[in-house]
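Reading through the structure tokens given below for one structure.
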Amino acid sequence: MQASSLNTEHGAHPEPATKMYVLKRAQRADGSRMGDIIPLSHIRAPVDLVPRYMRAADIRLTKETSLEYSSEFLLNNFFDKQLYYSLLET
């Protein structure tokens, strides 16, 4: 996933309305997903992603399919405050 920002300053910034970072699914030019399997030894902390709804929620979304059908997510800042604030300091 890629950090997204509507702000013109250099670097990623939280979305002004929600104060949460926006993450977008990385895609190739042909629309296929980019990604790979990440070894467990490279994972540092769990995070909570919330699907970002634009106009209306997709009717296919359930708790099982939300990561599959969503292309934008919010990094839930209420899940782990210590991790969230460490991102603000960078």
Residue in region 18-61 that is modelled with the highest pLDDT, counting only those that are polar (S, T, N, Q) and within 21 Å of Ser86 (Cβ to Cβ):
Ser41
Only one of (1) modelled with pLDDT of 80 or more; (2) outside any strand (DSSP E or B); (3) under 22 Å from His13 (Cβ atoms) does not apply to Leu83, and that is (1)
Selection count, region 11-39, where residues are loosely packed, with under 10 Cβ neighbours inside 10 Å and under 21 Å from Glu68 (Cα atoms)
10
Return yes when Glu15 is modelled with pLDDT of 80 or more and in a helix (DSSP H, G or I) and no when it is not.
no
Please list, ordered by first then second residue, the pairs with beta carbon atoms under 7 Å, 6 or more apart or interchain, first in region 62-78 and modelled with pLDDT of 85 or more, second of a type in the set (Val, Ile, Thr) and surrounded by 13 or more Cβ atoms within 10 Å (Cβ to Cβ).
Glu72/Val22; Phe73/Val50; Leu74/Thr18; Leu74/Val22; Leu74/Val50; Leu75/Val47
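The values are calculated or read from the model by the stated rules, or taken from the named source; none is laboratory data. Not measured: the values here are computed from a predicted model. Here the Cβ is made from the backbone with ideal geometry for all residues, glycine too, and neighbour counts use every protein chain on show.
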